[in-house]
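As structure tokens, the structure follows; a few thoughts come after it.
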Amino acid sequence: MTTLPEVFQNWFNARGWSIHPHQQSMLDRADEPSLLLIAPTGGGKTLAGFLPTLVDLATNDHKGIHTLYISPLKALAADIKRNLRTPVEGMSLPIRIEDRTGDTSATKKRNQRADPPHILLTTPESLALLMSYPDAPRMFASLKRVVVDEIHALAESKRGDQLMLALSALQSMAPGMRRVGLSATVEDPTAMAHYLARHPDPCPILMADPGPDPDIQMLATEEAPPWAGGGGRYAINAILKQIDAHKTTLIFHNTRAQAELFFHALWLANSNDLPIGIHHGSLSREQRERVEAAMVAGKLRAIVCTGSLDLGIDWGDVDLVIQVGAPKNVKRLVQRIGRANHRYNAPSKALLIPANRFEVVECIAALDAVKAHDLDGEPSGSGPRDVLCQHILIRACAGPFYANDLKCEVQSVGAFSALSDAEFEECLQFCATGGYALRSYDRWQRLMKNPNGQWQLRDPRSTQMIRMNIGTIQDTDKLKVRLKNSRGGTPLGEVEENFAATLSFGDTFLIGGKIVRYEGLRELTVEVSKNATKRPKIATFMGTKFATSTQLSNRILEMFETADWAQFPNHTAHWLEQQRQQSQLPTKDRILVESFAHEGMEHICVYGFAGRNAMQTLGLLLTQRMEEQGLEPMGFVATDYATLIWGLKPLKDAAPLFAENSLQDGFEQWLAGNAVMKRTFKTAATIAGLIERNSPGKRKSGRQTAFSSDILYDTLLKFDPEHLILKITAEEAMKGLVDFGRITEMMTRTAGKVDLLRLDHVSPLAAPMFLEMGRVPIQGEGRERIIAEETEKLLNSLGLA
Amino acid sequence: MNKLDFDFRGRRFQALASGALYWPDADVLVVSDLHFGKSERIARRGGPLLPPYEVRETLSRLDQDVSDTNPTTVICLGDSFDDMSVVESVIEDEAAWLTRLMAGREWIWIEGNHDPGPIGLGGSHRREVNIKGIDFRHIADESSVSEISGHYHPKTKISVKSATLSRPCFLFDDERMILPAYGTYTGGLNWDAAPLKSLMKPTAAAILTGKKLFHIPSLAKLSNSGR
């Protein structure tokens, strides 16, 4: 056992602390090449990660950078810097700690490269940028440890893949570098370890005591939740009572729009004037910082928030977490509950508020899963190659490299360990020549081989563009929203450009809990004025909509099979029992299709339980099939569990719709022309460096020169359908918005067995589908026609046609 | 052929879906801002390597329009090439195609700001040209009262219930017309942005290009409606 140096022991003693067992283990195993620590929130995880570094720096001389700390959030890096200073200053250790993020000044950044601190705290993007400078090998030669914080959060996105590629390059610069990953509870620790370690090195896993089980319940309200929709406004009064009874409450919502609507409604009902704030990713930085500061100072009783508060920043004494809307994913729920009560060994307290009747079922399934410690997760699959392309370009910025060296580094990354030589070569060719079937850039290759056989940039001017393009977070083009006033406008937040494009003068919408009126667009800013109306005309702007996880869907189907409603509130039990009597409850191994006429239209409701994105895709595929069969479908709407399709003719035989390969064939045809593909293409092409990220200055000066990525997509599809970026687009769409994998999973689970039930009227389970938002008219020629007709109508109404 | 007839300066014109303009009485086909070789120019400067198919794509549309209208005269209204250094390589690759299109017609290359010098191709090369009382030049000249030009890549947006249409467009009032960009890799400038707005009179009208062409007789009215 490594004993704690005296100065540390004294410092611990003085505060009446003793070292946690997992902190001691981290110290003992400081020499492991990779080590993954899984510990609950509040378990002294960060100190455990840094203890080996602090002890080494306190007892040995070290020149240059010693430890690199990477977190998913800028704010977290700043928070950790503050927290580390306490022990370092308390023990007067000779350790310099600095952070480096997008907010760090250029001068400071330059100084850090010349004279790096002992401990550098940064983000994946800032690290990637550092790696693009030719002096990176000198700067990192002395590096001994890397600490990756909240690795479970990074592993969910391409940011993690970018980080792991950067670590593979760091490992070559500092061969002795040790890796430490800090993670909240995850479903598959072995997979996370594989993700962190240098392949094929082993990566031991250290499990800290998980602490007591959380105290988590579904909030019982007098009012029954509504049949459909989200937001949970029916529970406002019950929630206000809870806020009043606790010190600080976090109220999580699944989308920003829902958070806004809820916050607005909460204030209207807040007769005691409890101080309540709102926090989400679309608000301006000033707004968010104000809320964060008030929170830390203990001035707020509650915060309405979204995922932007998910990560481990220490907000002080939260004693209740409320989740509004079904959590969709058990792992996220557990991590959110962990936000409550940062005192180790005290159970966290949480309440679930189902937003509608079906979500009651989902919440009960989630509660069971939490009790059973049964977390969900989708296998993250192999590393995305658009990120690899960006990594190759970043390496080229830093200086010439041998293809084989880089290939070996990349294959040492867990997520890329199955990457074939040919696949690597394809990415390298793309970066060098564009990788087109028509080889036309012989003279203007981006990367060239030098006389030593190394690859390097042909034109040094490329570096600037490549550096500006670093990162994998795709900000859809956002516009700032400002309150129009004499002082140039108070910033309120941001909205998607697409949303802004739908606004007309006088439209009202919600942002930052305020109803504002759209006044106009000036430069790249949406100007609004205050508005006193009670109901906003347009309530939503986009935001992530999570799909219910496979595991949670399966649990729901299992509950249906037992048909035991003991756990259910009366209203929901009654509803499910009605469904069982009038139709059937869906089961795991068959697809239930109900068919009925309603209001003069034929309807089918398909219970696939494949999650929102996949059910949406299924709707598009089935309607395409139905159109071929002359059933004249008119439109559909999808939720996490079902797709409702309406049209003119009744469905007589459902089997051909789900016949083997039928969906797959339709899918490939349909996929190419789909808007989802174009959106996915834009992301992949931007990350891979085919499209330059829009920088504000550039957009202003040269609007004529910027053209839509759709044009590139159409051109590639027409002339070069096998191109790498199109392949990446298809791969990404399959696992992302299109989520075809879940449809495949549904077909495997049921072996394509379909029960078609003809009913006299709408079934209880299908009824809420009629209230769902987001009805989709049939795409394709039909849609073109609708837009043309609407335009014609508009022009006519204006007397313009 | 997808087209829309309209009057400009007392003459009848046809706006083609592709963004070309046909003048039946003079038998002239006009296209503007082809920007051939744009991808090559971006690559040469160390930028991204865009799909090198835009010359073919643009040419195949031009081919279609030429065979549909079979004009005596074709005017390329400037910025036909993205810069002077790409002229040679574009001509080298697509010489046969271009020559076939040009054969048997009067072909006029108007100078643009991107391609100010002579081009080593057939046809005539001019700063500007006047046909039957109308000036054809690349950039609008405010002193002219009867003119067709290009350069600004005008486009118009209309928001309807299910979508926002944003299409390249023909802009015109009673003195001048500005053509949309014809090249594949070209973006656009909204009609109500400076300097387009100040160039056109408040009475300006537009024709949106695309599969279905839309005629908007008063942009001011559209703008007041908030769409």
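Things worth noting here:
- Take the Cα of A:ARG461, go 7 Å toward its beta carbon, and the backbone nitrogen atoms of segment B:34-72 under 12 Å from that spot belong to B:41-48.
- Label zone (A:ILE473, point 7 Å along Cα-to-C-beta; backbone nitrogen cut-off 20 Å) within segment A:68-89: A:69-82.
- Pairwise Cα distances in segment A:215-371 exceed 26 Å for 18 percent of all pairs.
- Taking a Cβ cut-off of under 13 Å around A:SER183, the surrounding Lys, Arg, Asp and Glu residues balance to a net charge of -2, with basic ones at +1 and acidic ones at -1.
- Space enclosed by the convex hull of the alpha-carbon atoms of chain B, per residue, Å³: 127
- Principal semi-axes of the equivalent ellipsoid, √(5λ) from the alpha carbon gyration tensor of segment A:6-207, are 24, 22, 16 Å from largest down.
- Kirkwood hydrodynamic radius of segment A:184-277, Cα pairs, Å: 17.2
- Taking label positions 7 Å along the Cα-Cβ direction at both A:LYS649 and B:SER146, the computed distance is 6.1 nm, reported to one decimal.
- Each Lys and Arg Cβ is given +1 and each Asp and Glu Cβ -1; about its Cα centre, the protein assembly as shown then shows a dipole of about 2660 debye.
- Antiparallel DSSP beta bridges within chain A, as percent of all bridges there, nearest 5: 45
- Mean residue ellipticity (222 nm) of the protein assembly as shown, computed from DSSP H runs ≥ 4 via -39,500 (n - 2.57), nearest 500: -11000 deg cm²/dmol
- Cβ neighbours within 10 Å from other chains - mean over A:682-691: 1
- Model label sites at A:ASP135 and A:GLU599, defined 7 Å from Cα along the beta-carbon direction, differ in position by 6.8 nm.
- Our estimate of slack between A:THR107 and A:GLN581, defined as 0.36 nm per intervening residue step minus the Cα-Cα distance, is 163.4 nm.
- Secondary structure note: in segment B:3-224, about 60% of the DSSP beta bridges are antiparallel.
- Cα-Cα over 18 Å, subset of A:LYS299/A:LYS484; A:LYS247/A:LYS371; A:LYS682/B:LYS157; B:LYS155/B:LYS211; A:LYS480/A:LYS678; A:LYS108/A:LYS480: A:LYS299/A:LYS484; A:LYS247/A:LYS371; A:LYS682/B:LYS157; A:LYS480/A:LYS678; A:LYS108/A:LYS480
- Taking a sphere under 12 Å around the Cβ of A:ARG758 and counting the other residues whose Cβ falls inside, with K and R at +1 and D and E at -1, yields a net charge of -4.
- For segment A:128-222, the Stokes-Einstein estimate of translational diffusion at 37 °C and a viscosity of 0.692 mPa s comes to 212 µm²/s, using the Kirkwood hydrodynamic radius over alpha-carbon pairs.
- Residues A:PHE707, B:PHE170, sorted so that the one with the fewest Cβ neighbours within 10 Å comes first: A:PHE707, B:PHE170
- Positive contributions from Lys and Arg (+1) and negative ones from Asp and Glu (-1), summed over other residues with Cβ under 13 Å from the Cβ of A:LEU240, come out at +1.
- Rg and Dmax over the alpha-carbon atoms of the protein assembly as shown stand at 31.2, 99 Å.
- Cβ-Cβ FRET estimate between A:HIS62 and A:ASP317, R0 fixed at 41 Å, reported to 0.05: 0.65
- For B:ALA103 and B:SER198, the FRET efficiency from 1/(1 + (r/R0)^6), where r spans their Cβ atoms and R0 equals 56 Å, is about 0.85.
- DSSP beta bridge pairing in segment B:64-177, given as percent antiparallel to the nearest 5: 45
- In loop segments of segment A:135-172 as defined by DSSP, there are no trypsin sites (Lys or Arg not before Pro) with at most 15 further C-beta atoms inside 10 Å of their C-beta.
- Looking at segment A:375-465, the chymotrypsin sites (Phe, Trp or Tyr not before Pro) that sit in a DSSP loop and have at most 15 other Cβ atoms within 10 Å of their own Cβ are A:TYR402.
- For chain A: relative contact order, % (alpha-carbon pairs under 8 angstrom, 6 or more apart): 11
- Judged by the mean number of other Cβ atoms found within 10 Å, the most tightly packed of the peptides A:85-95, A:21-31 leads the ranking A:21-31, A:85-95.
- Inter-chain shielding of A:48-55 (mean C-beta neighbours from other protein chains, 10 Å cut-off): 0
- Spin-label pair A:ASP215/A:LEU521, simplified geometry with 7 Å Cα→Cβ offset, distance in nm: 5.2
- Under 18 Å of direct C-alpha separation, and excluding same-chain neighbours fewer than eight residues apart, A:LYS753 reaches these aspartates and glutamates: A:GLU558, A:GLU561, A:ASP589, A:GLU594, A:ASP653, A:GLU660, A:GLU745.
- Order of A:ILE151, A:ILE515 - criterion: other Cβ atoms within 10 Å of each residue's Cβ, fewest first: A:ILE515, A:ILE151
- Calculated FRET efficiency for the pair A:LYS793/A:HIS571, C-beta based, R₀ 56 Å, to 0.05: 0.85
Each value in this text was obtained by applying a stated rule to the coordinates, not by laboratory testing. These numbers were taken from a predicted model, which means no experiment stands behind them. Quick reminder, even Gly has a Cβ in these numbers, built from the backbone with ideal geometry, and neighbours come from all protein chains shown.
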